[in-house]
Amino acid sequence: MLHTLPEGNDVWGVTSLDNLLYVLRNKTSDQIEVYDMHTDHLLREFSVPGLLNMADMTACAYNVCIYISGSVDKCVHRVTMPRRNVTKWSVYDEAWILHNYCNLLT
């Protein structure tokens, strides 16, 4: 079955956690879209304070969080779920790709 998300800015990152789909779009705001994986309905958006020029994201079921890389701010943002507490780590270089690095980021 093919599912299609609503039109919008280009998608830069997609990850899932607890039957929710998190979508990172190419835009200047700090918003992450959250969709129900079964219905494809937009449930909410949430802000990640200080997030600038997002590049990628991944989820970690073990730590129940998502990681978002910022290419310009040279940081990785860890967002715990469901409370959305944010921790920001400097990586002293452009952080572009987080694919499958969950175990290294804990």
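The values are calculated or read from the model by the stated rules, or taken from the named source; none is laboratory data. Fair warning: this is a prediction, and the values are worked out from it, not measured in the lab. With ideal geometry, Cβ positions are generated from the backbone for all residues, glycine too; neighbour counts draw on all protein chains shown.
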Neighbours by Cβ (under 9 Å, 6+ apart or cross-chain): first from the range 77-106, at pLDDT below 75; second among the charged types (D, E, K, R) and assigned to a loop (DSSP other than H, G, I, E, B): 93/74; 94/74; 95/73; 95/74
Yes/no for residue 37 being at pLDDT below 75, out of contact with any Lys or Arg (no Cβ under 6 Å at 6 or more places or on another chain) and either more than 18 Å from residue 10 (Cα to Cα) or among the hydrophobic types (A, V, I, L, M, F, W, C) (or both): no
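For residue 56, indicate whether it is more than 16 Å from residue 17 (Cα to Cα) and out of contact with any Pro (no Cβ under 6 Å at 6 or more places or on another chain). I'd like the intermediate steps shown before the answer.
Working: more than 16 Å from residue 17 (Cα to Cα): no; out of contact with any Pro (no Cβ under 6 Å at 6 or more places or on another chain): yes.
No.
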message: I'm trying to understand the selection: among the residues of the range 40-85, which are basic (Lys, Arg), more than 10 Å from the chain's Cα centre (by Cα) and either buried (at least 17 other Cβ atoms within 10 Å of the Cβ) or in a loop (DSSP other than H, G, I, E, B) (or both)?
response: 74, 83, 84
message: For the range 15-39, which positions are closer than 21 Å to residue 74 by Cα, free of Cβ contacts under 8 Å to residues at least 24 places away in the same chain and not in a loop (DSSP other than H, G, I, E, B)?
response: 23, 25, 31
- line: With criteria (1) farther than 14 Å from residue 84 by Cα; (2) at pLDDT 90 or above, residue 52 comes up short on (2)
message: Contact list please: Cβ distance under 7 Å, first residue in the range 40-69 and on the phi > 0 side of the Ramachandran plot, second residue hydroxyl-bearing (Ser, Thr, Tyr) and not in a strand (DSSP E or B), pairs at least six apart or on different chains.
response: 53/71
